[in-house]
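A short write-up of the structure that comes next.
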Amino acid sequence: MIDWTQVLDPLGTAGRVPALLDQVETESSAEAWDDLGDALCLEGETVVPASFAALPRLVAIGAKSPEALSLAGSIMRGALQNHGADDLLRCCTGVVPRLQALLDQRLTLRPVGYLHAFRDLLAANGQYHWSAVLGDLSDDFYDLRCPHCDVEVTVAIGDHGRYSAIRDWHAGDIERRDLQPVPPEDFVGTGRWMYDTAVRDDQSWLANGLTYLFGMAECPRCASRFGVADEYTAANLPSSGSERR
């Protein structure tokens, strides 16, 4: 049992949260969900102890409520924040597999805002860095360092092109080199799961973009080649090393 008067939300104690959870479960009004969202994930990003205290209830509601799944996913995306609720987060580990299953099931329905739900599932799977950075692959940029000469390389994936370059703030992206996409049969690990899920759900725009995100780039300075996803992951993987590679 949770003593909600001892749990913090963005406005202080979270005593109002149980009533809001009861309200959204019975009424599911937009206003009630807005109020609950403000209490548990301010502006869709900032989580607090109340967020994780409410997560098991949200997962239970999520079997019949896409709003609950979306809010639970947003909370999971904030799991690495300095929220001061590590104990409450650990208590949620038992409901995470259920959340994963519900989010995966939702993706098969090809919801509007597919990418948002996809990023939620990435976070629920512990892939916090991909959940935070993955865009719609129509206008994405990744700033990396060449692992061989340490020069800063900009990798672009989008309608404007798929290339590595040196960014010049006056001349733009110069010395461009085309990316080499990974053949679908060569995906492994997290990339394999991301690609297969996108293909399963007929999200060709995502599947195609992922072949470049997990493909190879050429350094414009030293002409060495490196994996885009490998270098991004190495630079951004949480120090705990707890994420699935």
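The values are calculated or read from the model by the stated rules, or taken from the named source; none is laboratory data. Treat the numbers as computed from the prediction; the structure is a model and nothing was measured. Using ideal geometry, Cβ is built from the backbone for each residue, glycine included, and neighbour counts are taken over all protein chains shown. Heads up: the accessible areas ignore ligands, DNA and RNA and are worked out on the full protein's heavy atoms, side chains in. Shrake-Rupley method; radii C 1.70, N 1.55, O 1.52, S 1.80 Å.
Some notes on this structure:
- Of all residues in the stretch 52-68, those satisfying the criterion of being within 17 Å of residue 17 (Cα to Cα) and either hydroxyl-bearing (Ser, Thr, Tyr) or buried (at least 22 other Cβ atoms within 10 Å of the Cβ) (or both) are 52, 53, 54, 55, 58, 59, 62, 68.
- Scanning the stretch 79-101 for residues that are touching a helix residue (DSSP H, G or I) at 6+ places or on another chain (Cβ under 7 Å) and either modelled with pLDDT of 90 or more or not aliphatic (A, V, I, L, M) (or both) yields a count of 8.
- Where residue 170 falls short, out of the listed (1) touching a helix residue (DSSP H, G or I) at 6+ places or on another chain (Cβ under 7 Å); (2) more than 15 Å from residue 222 (Cβ to Cβ): (1)
- When 170, 148, 160 are screened for being in contact with a Cys (Cβ under 6 Å, 6 or more places away or on another chain) and open to solvent by 50 Å² or more (accessible area, probe 1.4 Å), only 148 passes.
- Test: residue in the stretch 75-98 that is touching a strand residue (DSSP E or B) at 6+ places or on another chain (Cβ under 6 Å), over 30 Å from residue 161 (Cα atoms) and either open to solvent by 10 Å² or more (accessible area, probe 1.4 Å) or of a type in the set (Lys, Arg) (or both): yes
- Those strands (runs of 3 or more DSSP E) lying entirely in the stretch 76-194 with at least 3 residues within 22 Å of residue 224 (Cα to Cα), acidic (Asp, Glu) and over 13 Å from the mean Cα position of the chain (by Cα): 172-178
- Of all residues in the stretch 119-134, those being charged (D, E, K, R) and open to solvent by less than 10 Å² (accessible area, probe 1.4 Å) number 1.
- Residue that is farthest from residue 110 (Cα to Cα), among those in the stretch 195-226 that are open to solvent by less than 50 Å² (accessible area, probe 1.4 Å) and of a type in the set (Gly, Ala, Ser): 224
- Cβ-Cβ under 8 Å pairs, at least 6 apart or on other chains, the stretch 65-92 side within 13 Å of residue 106 (Cα to Cα), far side part of a loop (DSSP other than H, G, I, E, B) and not basic (Lys, Arg): 65/28; 66/111; 67/28
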